[in-house]
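Chemist: Here you go, one structure.
The values are calculated or read from the model by the stated rules, or taken from the named source; none is laboratory data. Fair warning: this is a prediction, and the values are worked out from it, not measured in the lab. So basically every Cβ, Gly included, is an ideal-geometry build from the backbone, and we count neighbours across all protein chains shown. Each accessible area value is taken on the protein alone, full model and side chains, heavy atoms only, with ligands, DNA and RNA left out. Shrake-Rupley method; radii C 1.70, N 1.55, O 1.52, S 1.80 Å.
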Amino acid sequence: MEMEIDTPKGPGRADLEWPEGPTRYLLAITHGAGGGVDAPDILAVRDAVLASGGAVARVTQPYRAAGRRMPGANTGPQDLAWSAMIGRLRAEPGAAEVPLVLAGRSNGARVACRTAAELGAEAVVALAFPLHPPGKPEKSRAGELRGAGVPVLVVNGDRDPFGVPDAADAAALEVRPGERHELSKDPGTVGRLVADWLGERLLRD
């Protein structure tokens, strides 16, 4: 189901899909700074999560829906729009009664980490978390991982020019050999890692 969602920063979009059986949790995942929700790793996570009983909302932020570039280093507008969209998704029948997982790739992972506690998420999935700008390791964003307030799974490639977070800064860190920032070499494994980790965290009887 494709939804257009109004936010204080303009309309965004969400592609919401439900599993065939009972819904065990809702995963809302968003894109990187200049990408979209059809990135290979995002689609692989969607497929694996749906197969494991989770619902998936692939969220296109308003600036991307309008065809614009990311609005600079000011993170407030993105977080505000994302929060409004998550609130609308949680109002869907059946969505408020299940655990919420926030997820994103690259810049989207940063948004998920920054808003997780406020939005009541049970966990965060960070794909290709951009630890620092390429070539500038002194500008670390590790504080966003540590400040999420909920368990965070990080999946990064060992050749990512944006760096690889320290294992101590997340609940779990998976470093994929031979992968760069796109995580496109073996996205199926990325999806399975995410679904398995969420299963261990959220689906215990």
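Chemist: Quickly run through segment 1-12 and pick out the residues that are open to solvent by 90 Å² or more (accessible area, probe 1.4 Å), modelled with pLDDT of 95 or more and outside any loop (DSSP other than H, G, I, E, B).
Modeler: Correct list: Glu4 only.
Chemist: Oh, and also: Identify, please: which residue in segment 50-60 is out of contact with any helix residue (DSSP H, G or I) (no Cβ under 6 Å at 6 or more places or on another chain) and closer than 17 Å to Ser106 by Cα and is, among those, surrounded by the fewest Cβ atoms within 10 Å (Cβ to Cβ)?
Modeler: The initial filter retains those residues of segment 50-60 that are out of contact with any helix residue (DSSP H, G or I) (no Cβ under 6 Å at 6 or more places or on another chain), namely 50-51, 53-55, 58, 60.
After this cut, where a residue has to be closer than 17 Å to Ser106 by Cα as well, the list is 58, 60.
Details: Arg58: 24, Thr60: 22.
Looking at residues that are out of contact with any helix residue (DSSP H, G or I) (no Cβ under 6 Å at 6 or more places or on another chain) and closer than 17 Å to Ser106 by Cα, I get Thr60.
Chemist: Go through (1) buried (at least 16 other Cβ atoms within 10 Å of the Cβ); (2) more than 15 Å from the chain's Cα centre (by Cα) one by one and return the number of the condition Pro177 breaks.
Modeler: If we test Pro177 against (1) buried (at least 16 other Cβ atoms within 10 Å of the Cβ); (2) more than 15 Å from the chain's Cα centre (by Cα), just (1) comes out false.
Chemist: Return the pairs, sorted by first residue and then second, in which the second residue is surrounded by 21 or more Cβ atoms within 10 Å (Cβ to Cβ) and of a type in the set (Phe, Trp, Tyr), the first residue lies in segment 148-165 and is touching a residue at least 12 places away in the same chain (Cβ under 8 Å) and assigned to a loop (DSSP other than H, G, I, E, B), the beta carbons are less than 9 Å apart, and the residues are 6+ apart or on different chains.
Modeler: Within 9 Å, the pairs are Asp160/Phe129; Phe162/Phe129; Gly163/Phe129; Val164/Phe129; Pro165/Phe129.
Chemist: If you check Ala96 against the conditions, is it hydrophobic (A, V, I, L, M, F, W, C) and open to solvent by 40 Å² or more (accessible area, probe 1.4 Å)?
Modeler: In short, yes.
Chemist: In this structure, does Arg114 turn out to be open to solvent by 30 Å² or more (accessible area, probe 1.4 Å) and out of contact with any Cys (no Cβ under 8 Å at 6 or more places or on another chain)? Give the steps one after another, and end with the answer.
Modeler: Values: open to solvent by 30 Å² or more (accessible area, probe 1.4 Å): yes; out of contact with any Cys (no Cβ under 8 Å at 6 or more places or on another chain): yes.
When the stated conditions are applied, Arg114 passes them.
Chemist: Just the residues that are open to solvent by 60 Å² or more (accessible area, probe 1.4 Å) and of a type in the set (D, E, K, R), please, taken from segment 162-174. Reasoning before the result, please.
Modeler: Step one: of segment 162-174, the residues open to solvent by 60 Å² or more (accessible area, probe 1.4 Å) are 166-168, 174.
Residues satisfying the conditions are Asp166, Glu174.
Chemist: Something else now. How many residues does segment 139-161 hold that are open to solvent by 30 Å² or more (accessible area, probe 1.4 Å), more than 13 Å from Arg110 (Cα to Cα) and touching a His at 6+ places or on another chain (Cβ under 6 Å)?
Modeler: Count: 1.
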